1. If packing is taken as the mean number of other Cβ atoms within 10 Å per residue, what is the order of 55-67, 79-91, highest first?
2. Please give the contour-minus-distance gain from ASN52 to ARG96: 0.36 nm per residue of separation, less the Cα-Cα distance, rounded to one decimal in nm.
3. Can you list residues from other chains, or at least 5 along the same chain, whose modelled amide H is less than 5 Å from the amide H of ARG131?
4. Any lysines with Cα under 27 Å of the LYS140 Cα? List them, leaving off those in the same chain fewer than 8 positions away.
5. How many angstrom separate the Cα center of region 53-116 from the Cα center of region 122-151?
6. For a Förster distance of 30 Å, can you work out the FRET efficiency between the beta-carbons of THR28 and VAL87, rounded to the nearest 0.05?
7. Could you sort 43-50, 32-39 so that the peptide with the highest average Cβ count within 10 Å comes first and the rest follow in order?
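Derivation of every value follows stated rules applied to the coordinates shown; laboratory data play no part. Just so it is clear, the structure is predicted and the values come from calculations on it, not from any experiment. Don't worry about glycine lacking a Cβ; one is built from the backbone with ideal geometry, like all the others, and counts go over all protein chains shown.
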Amino acid sequence: MKLRSLQLAVPLFGLLVALPVSADAPLTQYKAFTQRDTQIEDAFTKLKWDRNVFGPANHATATTVLCPGNNRLPTLKELLSLVDEDVHEEYEGTQRVLKAIDQRAFPNTPVDAPYWTSTEEGTSAWTVDFRTGETQLALKTDTRRVRCVVP
C-alpha cells in the first residue's frame, strides 16, 4: 500500500514542480492600486513610480523630455528596487520573454532594451536590464528605455 501511494505522489509532485510560477513582489510591496492607475507607490522605499514606459531614447532626452519638471530618472539603487529576484516568463505578443519585474505592478513592461538611471560615470550612465535584473554601463548617446520617479 505504501508503494502505491508513493507511485501516485511522485508524478503529482512532478506536476507541481513543472507548473510555471511568477515572481511577483510581496502583496505589501506597493500601496493599493488599480490596473488603471498611472502611478504606483512603493510602500517600503516611499518612491512613486510612473507606470508608463518611455523610449528608447538617449540619456539627455530621457532626463529633460521624458522625465520633465519634478519627474526624474531614478538612481541605480532606486531602479534596482523594482527588480524581482526570481526571473519569470511572460508573453509579449506570441513570444515568451524573461522578465525580472513585478507583472502586477508594472504590466506589459517592455524588455527589449535596458532602462536608464541617473547614476552617471563620465560619458556613461548605469542601466538596469529587466530581462535579467543585471546592471551595466551604457554611453549616454545610446538609446535605452525610461521609467520615471514622480514627486
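1. On the way: 55-67: 18.1, 79-91: 15.6.
Going by the mean number of other Cβ atoms within 10 Å, highest first, we get 55-67, 79-91.
2. Details: separation 44, 0.36 × 44 = 15.84 nm, distance 2.12 nm.
Net length gain for the segment: 13.7 nm.
3. For ARG131, whose amide H was placed from the backbone, the distant partners under 5 Å are ALA100.
4. LYS140 reaches LYS48, LYS77, LYS99.
5. So the separation of the two Cα centres works out to 9 Å.
6. Working: r = 22 Å, r/R0 = 0.72.
Once the sixth-power term is evaluated, E becomes 0.90.
7. Order by mean packing, descending: 43-50, 32-39.
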